[in-house]
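Novice: First the structure, then my questions, so here it is.
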2 protein chains.
Amino acid sequence: MQLTLHADYALRVLLYLGTQATGHIATTKQISSSYGISNDHLVRVVRTLKDKGYVEVTAGRAGGISLAREPNRIRLGDVVQQVETNLQIVECFDPKTNTCPIVAACQLKPILAEALNVFLEALNKYTLADLLDDRRRTRLARIFAATGA
Amino acid sequence: MQLTLHADYALRVLLYLGTQATGHIATTKQISSSYGISNDHLVRVVRTLKDKGYVEVTAGRAGGISLAREPNRIRLGDVVQQVETNLQIVECFDPKTNTCPIVAACQLKPILAEALNVFLEALNKYTLADLLDDRRRTRLARIFAATGA
């Protein structure tokens, strides 16, 4: 049971942008290079984050990405729920592709759905701002400066 | 974020065995055939369930699998925790393979660990017996009789 890279990278993008000074615009290249991850993949992740209203993307030579909301208005459970491409804990969560024959008599699905719900609620107790108190923000910015393009 | 098939199939094996009359011994062939899933995979899952003390396996021609505990002593969160081969919500959960450079300054890991914990706790509110009240047990047994080998 692991988040897809799409959700994992989305959290990383938000963390990166949250360490930047207000008004600063970052590029996907800077972010992917800081984390040592695929830039192509990151471009798709940023598109999702834009669609869901978490980041703004400005075009052009001086363009790039910035947070579309204050960090204290970005709840971690909401991000995972909206960005994770696979929240189907087991296959019967998707009736279209389910092959398990006992689904009509099985009580596991609502129990797993309840557990998934408390997982997301537990994450929603925290916002991006909780990950970025002054000390952590400084340390993260220092790491990004050392590893980035 | 999806359980591996190993954990998914483990829950299915326990459900199947829980519908059988006390003392009845099932074969992996019967179980895999009932669910329409790989018997080879199921054999590995049964080995894990035996190692963790959930099932008994008897050898020989009349041998097979049965529950090693009463259904009300099998908590669903414990099963997932002990049988799921990947509980690393994100890559930094495994320091040996982690490549994310910000791990030392990042607060996400303990927050995700806390959420995973409440996920397992939510499952532990239920035992196998909760999935097998008389009505459901009868319906499940009927489905297994219709689909099984």
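Novice: Taking the range A:97-149, which residues are of a type in the set (S, T, N, Q) and over 29 Å from A:ASN86 (Cβ atoms)?
Specialist: A:THR138
Novice: Do any helices (runs of 4 or more DSSP H) lying entirely in the range B:1-75 carry at least 1 residues that are crowded, with 18+ Cβ neighbours inside 10 Å, under 12 Å from the mean Cα position of the chain (by Cα) and touching a residue at least 12 places away in the same chain (Cβ under 8 Å), and which ones are they?
Specialist: B:5-19, B:39-51
Novice: How many residues does the range B:106-127 hold that are touching a Leu at 6+ places or on another chain (Cβ under 9 Å) and either assigned to a helix (DSSP H, G or I) or of a type outside the set (S, T, N, Q) (or both)?
Specialist: Number of matching residues: 13.
Novice: In addition: Going residue by residue through the range B:128-140, is there one that turns out to be in contact with a strand residue (DSSP E or B) (Cβ under 9 Å, 6 or more places away or on another chain), in a helix (DSSP H, G or I), more than 8 Å from chain A (Cβ to nearest Cβ) and within 22 Å of A:PRO101 (Cα to Cα)?
Specialist: yes
Novice: Now for a separate question. Just checking, which of A:GLU121, A:GLU84 is surrounded by fewer than 15 Cβ atoms within 10 Å (Cβ to Cβ) and either facing chain B (nearest Cβ under 9 Å) or under 27 Å from A:LEU42 (Cα atoms) (or both)?
Specialist: Selected residue: A:GLU121, the only one of A:GLU121, A:GLU84 that is surrounded by fewer than 15 Cβ atoms within 10 Å (Cβ to Cβ) and either facing chain B (nearest Cβ under 9 Å) or under 27 Å from A:LEU42 (Cα atoms) (or both).
Novice: So, B:ALA104, is that one loosely packed, with under 14 Cβ neighbours inside 10 Å and within 13 Å of chain A (Cβ to nearest Cβ) or not?
Specialist: yes
Coordinate-derived values only; no laboratory data. Computed from a predicted model, the values in this text were never measured in an experiment. Quick reminder, even Gly has a Cβ in these numbers, built from the backbone with ideal geometry, and neighbours come from all protein chains shown.
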